[in-house]
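These notes concern the structure reproduced below.
The values are calculated or read from the model by the stated rules, or taken from the named source; none is laboratory data. From a predicted model like this one, the values you see are computed outputs, not experimental measurements. Virtual Cβ from ideal backbone geometry, glycine too; neighbours counted across all protein chains shown.
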Protein chains: 2
Amino acid sequence: MKNKAITSRDVDFAKWYTDIVRAAHLASYSNVKGCIVIEPNGYAIWERMQQTLDKMFKETGHKNICMPMLIPENLMKKESDLINGFAPEVAWVTQGGDKKLEERMCIRPTSETLFSDYYSTLVSSYRDLPIKYNQWCNVLRWEKETRPFLRSREFLWQEGHTIHETKEEAENETKMMLEIYKKFFEEYLAIPVITGKKTEKEKFAGAEYTLTIEALMYNGVSLQSATSHYFGQKFSKAYDIKFSNRNNEQEYAYQTSWGSSTRMIGGLIMVHSDDNGLVLPPKIAPNQVAIIPIGNSELVKVKVEEIYNELNNAGITSYVDNSEKSPGFKFAEAEVNGIPVRIEIGERDLNENKITFVRRDTREKIVESLNIDVSKYVNELLSKIQNNLYNNALKRREDLTYECHNLEDVEKIMNTKPGFIKAMWCGSEECELKMKEIKGTKSRCILENHKHIDDKCIVCGKEAKHLVVWGIQY
Amino acid sequence: MKNKAITSRDVDFAKWYTDIVRAAHLASYSNVKGCIVIEPNGYAIWERMQQTLDKMFKETGHKNICMPMLIPENLMKKESDLINGFAPEVAWVTQGGDKKLEERMCIRPTSETLFSDYYSTLVSSYRDLPIKYNQWCNVLRWEKETRPFLRSREFLWQEGHTIHETKEEAENETKMMLEIYKKFFEEYLAIPVITGKKTEKEKFAGAEYTLTIEALMYNGVSLQSATSHYFGQKFSKAYDIKFSNRNNEQEYAYQTSWGSSTRMIGGLIMVHSDDNGLVLPPKIAPNQVAIIPIGNSELVKVKVEEIYNELNNAGITSYVDNSEKSPGFKFAEAEVNGIPVRIEIGERDLNENKITFVRRDTREKIVESLNIDVSKYVNELLSKIQNNLYNNALKRREDLTYECHNLEDVEKIMNTKPGFIKAMWCGSEECELKMKEIKGTKSRCILENHKHIDDKCIVCGKEAKHLVVWGIQY
């Protein structure tokens, strides 16, 4: 394995991104157009994400299930907004074995239809509610331009689907799940996010409204990172999810869905990584520490084993690199793979009673006495790294967040140092489309409960209704 | 929710099976033909299976990855045995969005092609080997007749794919994985299995040979429960997986694959469950204990909470059923759902310093003093249940395993009390087909390192080569 050169992120961000994906062995291109192979280093990150989110979902009363991956066309068509939104980007199965199918089926681009159809068979009384299910699965959208993790035809995700007795309960669920995503991003991925509501134009096909978390990447481009939708009774009417309520009347259930995907791995890369490779926040890193012995001395071997056991007993994930490569090569590999802390131990260090720690985030080398409590020390170091990554990302976002009152400023910013633009909006799609003419600037979300910064819409000058965050999107 | 009547397994085994699947809420039929919805109770079992096997795979040096679900037709066709074996049962995607595809793609029925294609890009030297990857995913086979978990168009599974430097190493991998499956079945699922090699006729399309574990169900029908294949260089030649060996010569890699699926849930049901519902071995049960309070007294509530905490702290998974249903209904529900131990506590019990345990396997009710160490007691009880289930299954299999020396005996057995038939075989497909005429009796596997029980083939009377286990299969 060779540590390939990585393009500088300040020179060519797009090239840098794919260089990181390849150099850190996160994914490789496959011979299936628009689809990637998620390699062990990438998949291990996904497993950590799954474990963490899954626990949060279960603690809030959700259960996992598994729906079919195929959706018969007629079932898909029952909700017209959904089929209109997704029709251009689904793959159709038209043949099973040797036979042409009587009805074609699409590979799920999302599973509202299947969940709704299933829920209609489950519910008869308010006593059956709420039902809060989630599934971890693959979905397929026939994208034309693809990029590893960010936009690929097939991707992995989780989609939660819940139905409730009342509007209020469903809306609370929608909000709660957004908060869970926010917590996960900020506490685990060390990525600060902005939360808000999508505009009508940008909301999910079929939703009454969509809540979103939006993150800012190193290059000032924003990433829609997870979404939570409130459907009201739209799907329950289309799919006949009725129950007898507490007044013994038939009522349609209130519904939500929410999802997050392997796209989060792309976000992780674009927020934290640098020109030396991947940088992983300790709380999501599959391996938090790389222990690298220098030389073949028996004493070193014993010490390395001792430290490995001590870290493992303290719940710190680590590995010892005992391969035949040179120490320098191993250092570089741990670095490009984003391992948060590297421990180096050689015979000379032992003689001098020393141990060396290298932080991946700052690349700082710290020499300590071997008398310290190593696991306690590493735990503190991991905490520092986690906080430092979050603070760096937050500072960058703050530096790249601008309040604008006219389109000239927006244009100037988007042409030089793009980021989040805060600006007032009248609520018309026309003004959204005008904004889009400036380098594709789109509304990211409507900020609720924020003080308005102007009375007038930044585009048309008419009365403003909402404070909106705008940005260029992935 | 209503505990539906369950047909007796001695009256109509097939009906009993689907009754259990529905009554224990493991799966339901979907509106996608031949596909099921795996419901929370079923999916939680799958999650336990995944966690346990995944740990065993990782401990033996395997890493998880994720391959695309679509396979372009040309890629699939490179290995002719494979495409011939699977062509009648794949689903074809012919349209993406609005466009007809230039090359159709099938939804993976298995992923040898994709792994081989990927491996050909990874390997150049013996130093790159072995590569031992696994993936957890969904696959699709266009089956005509389907049954929940046992045979459904889409199912969940894991497929391991490894490549090696030498034949010997690859063959050892093939054997090791079979042993892992055997261990998992016997120690966790409490299902005794027979291990052996498939005949040429029954082996996996494209394999040099297939090792299998075979289990016997309550009704004497056998279930192929997991398989491990040795491919030799067959795929590596078709997909050009070459490396320079230690002699600096180009050589084709040696390959294996091995898989197990949600079919294991079907096996669990058919080995252990009874006319009162599902029975789960404690080591695979998502919830090992159901704690059911009787009455609403505050004292009971406090005691129930105390026991719940004690069990949880001891690593025993349990839940308290605080729903508004009657105690009798809760008992029935815990029973039909297969919870290994039920704890009942009412005010009268507390006054008499008593606690009641009910074993799901024997349905035995045990009243104990409240002075006992509850978590220790439950742990011992769970152990007893696990062993009892295994021993019952083993005894049944032994009772239903017959040595036969002529076809009349086979016919008599298969018409009255079917099971595993041990009989000698000459090695010809013709004799296998003759055997199949007896109620579909097929070779399950060749027993290796077993003493031969006869010199002659049970069918043709010619010289026997192998001792074979025969049975009727799912």
Task: helices (runs of 4 or more DSSP H) enclosed by the range A:230-337 - at least 3 residues per element that are surrounded by fewer than 18 Cβ atoms within 10 Å (Cβ to Cβ) - done: A:298-313, A:327-336
Task: Pairs, first touching a residue at least 24 places away in the same chain (Cβ under 8 Å) and hydroxyl-bearing (Ser, Thr, Tyr) in the range B:144-156, second assigned to a strand (DSSP E or B) and surrounded by 20 or more Cβ atoms within 10 Å (Cβ to Cβ), C-beta under 9 Å, six or more apart - done: B:146/B:36; B:152/B:27; B:152/B:36
- [ ] Among what's in the range B:43-66 and is crowded, with 19+ Cβ neighbours inside 10 Å and under 26 Å from residue B:129 (Cα atoms), pick the residue that is farthest from the other protein chains (Cβ to nearest Cβ).
- [x] B:53
Open item on the list: Considering only the range A:178-189, I want to know if a residue exists there that is within 26 Å of residue A:80 (Cα to Cα), acidic (Asp, Glu) and out of contact with any strand residue (DSSP E or B) (no Cβ under 6 Å at 6 or more places or on another chain).
Closed with: no
Task: Unique residue being in the same structural domain as residue A:333 (by TED's automatic domain parsing), at negative phi and of a type outside the set (Val, Ile, Thr) when the list is A:353, A:371, A:392 - done: A:371
TODO: For the range A:187-201, enumerate the residues that are surrounded by fewer than 17 Cβ atoms within 10 Å (Cβ to Cβ) and basic (Lys, Arg).
DONE: A:201
TODO: Answer with yes or no whether residue B:201 is more than 14 Å from every other protein chain (Cβ to nearest Cβ) and in a loop (DSSP other than H, G, I, E, B).
DONE: yes
Open item on the list: Within the range A:1-20, does at least one residue satisfy the condition of being more than 30 Å from residue B:32 (Cα to Cα), in a loop (DSSP other than H, G, I, E, B), facing another protein chain (nearest Cβ under 8 Å) and charged (D, E, K, R)?
Closed with: no
Open item on the list: Go through the range A:94-122 and report how many residues are crowded, with 21+ Cβ neighbours inside 10 Å, touching a Lys or Arg at 6+ places or on another chain (Cβ under 9 Å) and touching a residue at least 40 places away in the same chain (Cβ under 8 Å).
Closed with: 5
TODO: Please find, among B:204, B:184, the residue that is under 26 Å from residue B:93 (Cβ atoms), crowded, with 22+ Cβ neighbours inside 10 Å and either in contact with an Asp or Glu (Cβ under 8 Å, 6 or more places away or on another chain) or of a type outside the set (A, V, I, L, M) (or both).
DONE: B:204
Task: Search result, residues across the range B:273-304 that are under 18 Å from residue B:354 (Cβ atoms) and of a type in the set (D, E, K, R) - done: B:301, B:303
Open item on the list: If residue B:413 satisfies all but one of (1) in contact (Cβ under 8 Å) with a residue 24 or more places away in the chain; (2) more than 30 Å from residue B:332 (Cα to Cα); (3) aliphatic (A, V, I, L, M), what's the number of the condition it fails?
Closed with: (1)
TODO: Would you mind finding the one in B:70, B:26, B:82 that is more than 9 Å from chain A (Cβ to nearest Cβ), surrounded by 22 or more Cβ atoms within 10 Å (Cβ to Cβ) and touching a strand residue (DSSP E or B) at 6+ places or on another chain (Cβ under 9 Å)?
DONE: B:26
Task: Selected residue [at pLDDT below 95, within 25 Å of residue A:226 (Cα to Cα) and of a type in the set (D, E, K, R)] from A:403, A:432, A:448 - done: A:448
Open item on the list: Looking at B:91, B:87, can you tell me which residue is within 9 Å of another protein chain (Cβ to nearest Cβ), surrounded by 15 or more Cβ atoms within 10 Å (Cβ to Cβ) and at pLDDT 95 or above?
Closed with: B:91
Open item on the list: Given the options B:374, B:378, B:367, B:336, name the one that is touching a Gly at 6+ places or on another chain (Cβ under 6 Å) and hydrophobic (A, V, I, L, M, F, W, C).
Closed with: B:336
TODO: Evaluate the range B:33-41: report whether one residue or more is more than 21 Å from the chain's Cα centre (by Cα) and either in contact (Cβ under 8 Å) with a residue 60 or more places away in the chain or facing another protein chain (nearest Cβ under 7 Å) (or both).
DONE: yes
Open item on the list: I'd like the residue in the range A:140-156 that is within 10 Å of chain B (Cβ to nearest Cβ) and of a type in the set (A, V, I, L, M) and, out of all such residues, is farthest from the chain's Cα centre (by Cα).
Closed with: A:140
